[in-house]
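Worksheet for the structure shown next.
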Amino acid sequence: MVAVVNAQTEIATAESTKPAKWRLKFMFWLDAALLVSVSALQTLHFTGLVLHEWLGLAVVPLILIHLLFAWSWIAAETRRFLTSQSARARVNYLLNLSLFAAVTAATYSGILISQRAVPALTRSKAATELDYKWDKLHNEFAIIVVILTGLHLAINWDWVLAAGKRIFRRSLRGRI
Amino acid sequence: MKIVRILSRLGLFSLVAAIFTLLTSAFGKYVVSPLPDQHWQLHRSLTPKIGELPEFVGEVMLIAFCAVVGRFVFRLRLAPPPRRKYQPQ
């Protein structure tokens, strides 16, 4: 009887942790995709202009999903920002906000100078002359995004390591 | 109900993004336009070039470098000081 109850409890626990495991796996691979995308977006020679522009637009929903998954953290930290908080939490919050601002600025300037993707979506003609001012600003915002992405990775390094260990250990165990 | 919650959160993110977009737009008005670069079209190809893969690897390494530097800085500056053991008098 006790064994049956124990087994049932184990199954129930496994069932309840399933969404958490799925969430962790999803978040890890989403973040990995974002990291690869940010790197690819910086290399216009490698991707070419067409892929660069479409990838830049495709990253926007990925970032929104990333933010939706982090909603509880964002809501809690926004409420706590002006009250008692550690220096680390404050720096992390400001870093994330700056990253969001830089990504928004890079996306906006990218839309303004788009030659392929945005004209295709809006069925309009691309400007014959490049707006050099926004092109220069787009490059500068992109560099800021890269630096802040690195710092964002640094401050969340423990989470990345823990999630990676859990995911890869489990998949290795499953193979053995 | 869940969809309403998600949509309201997306709306909030969009609002913040709209504020940042307005700020970027205002900032752009104050920036002086640089001289046109005649080589611009020559440097930008439309299609991907696999031969430029090292550039991509370099970007990944740049992010990794920023992460390592950030890790050191955050550890040094933001790590809480070690707690002293309570010593009874």
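Just so you know, all these numbers are worked out from the coordinates, no wet-lab data involved. As the structure is a prediction and not an experimental result, all values here were calculated from the model. Note: ideal-geometry Cβ built from the backbone for every residue, glycine included; neighbour counts use all protein chains shown.
Projecting the Cα positions of A:TRP54, A:GLN115, A:GLY150 onto the charge dipole of chain A (unit charges on Cβ atoms of Lys, Arg, Asp and Glu, taken about the Cα centre) puts A:GLY150 furthest along the positive direction.
Which loop chymotrypsin sites (Phe, Trp or Tyr not before Pro) in segment A:73-160, with loop taken from DSSP, have no more than 15 other Cβ atoms within 10 angstrom of their Cβ?
On the way: sites: A:TRP73, A:PHE81, A:TYR93, A:PHE100, A:TYR108, A:TYR132, A:TRP134, A:PHE141, A:TRP157, A:TRP159; in loops: A:PHE81.
Sites meeting the loop and neighbour criteria: A:PHE81.
Evaluate chain A: find the radius of gyration of its Cα atoms, find its Kirkwood radius, and give the ratio Rg to Rh.
Details: Rg = 21.1 Å, Rh = 19.2 Å.
Answer for chain A: 1.10.
Rounded to the nearest 0.05, what FRET efficiency do B:SER8 and B:LEU35 give with R0 = 45 Å and r taken as the Cβ-Cβ distance? Could you check?
About 0.45, to the nearest 0.05.
Mean partner shielding of peptide A:45-54, defined as the number of other chain Cβ atoms within 10 Å of each residue Cβ, is 5. Using the Cβ-Cβ distance between A:THR122 and A:LYS25 with R0 set to 41 Å, the FRET efficiency works out to roughly 0.65. For helix A:157-175, report the angle its Cα long axis makes with the longest principal axis of the Cα atoms of chain A; keep it between 0 and 90° and round to the nearest 10°. Once rounded, one gets 60 degrees.
Normalised by the number of residues in segment A:98-176, the mean separation of alpha-carbon contacts (under 8 Å, six or more apart) gives a relative contact order of 36 percent.
Between helix A:132-155 and chain A there is an angle of about 20 degrees, using the helix long axis and the longest principal axis of the Cα atoms. Roughly what angle does helix A:44-69 make with the longest principal axis of chain A, taking Cα atoms, 0 to 90 degrees, to the nearest 10? The helix A:44-69 is inclined about 40 degrees to chain A. Computed extension length for B:LEU22-B:PHE72: 14.5 nm, one decimal, from 0.36 nm per residue of separation with the Cα-Cα distance subtracted.
Give me the percent relative contact order of segment A:11-138, please, defined on Cα pairs under 8 angstrom at least 6 residues apart. Don't skip to the end; give the middle numbers.
Numbers: 55 pairs, mean separation 28.1, N = 128.
Relative CO of segment A:11-138 lands at 22 percent.
Taking every residue in A:71-83, how many Cβ atoms of other protein chains lie within 10 Å of its Cβ, on average? Don't skip to the end; give the middle numbers.
Details: counts 5, 0, 0, 3, 2, 0, 0, 0, 0, 0, 0, 0, 0.
Average neighbour count from other chains, rounded to a whole number: 1.
The trypsin sites (Lys or Arg not before Pro) of segment A:101-176 that meet both conditions, a loop assignment by DSSP and at most 12 other Cβ atoms within 10 Å of the site Cβ, are A:ARG123, A:LYS125. For the pair A:ARG79 and A:ALA58, label points projected 7 Å from Cα toward Cβ lie 3.8 nm apart. Highest GNM mean-square fluctuation among A:SER39, A:SER86, A:SER98, for chain A modelled with Cα contacts below 10 Å: A:SER86. With a cut-off of 9 Å between beta carbons, the residues surrounding A:ALA163 carry a summed charge of +2, where Lys and Arg count +1 and Asp and Glu -1. About the centre of its Cα atoms, chain A shows a dipole size close to 620 debye [charges on the beta carbon of Lys, Arg (+1) and Asp, Glu (-1) only; nearest 20 debye]. Under 5 Å from the amide H of B:SER45 lie the amide H atoms of A:LEU49, each residue being 5 or more positions distant or on a separate chain, with H modelled from the backbone and absent for Pro and chain starts.
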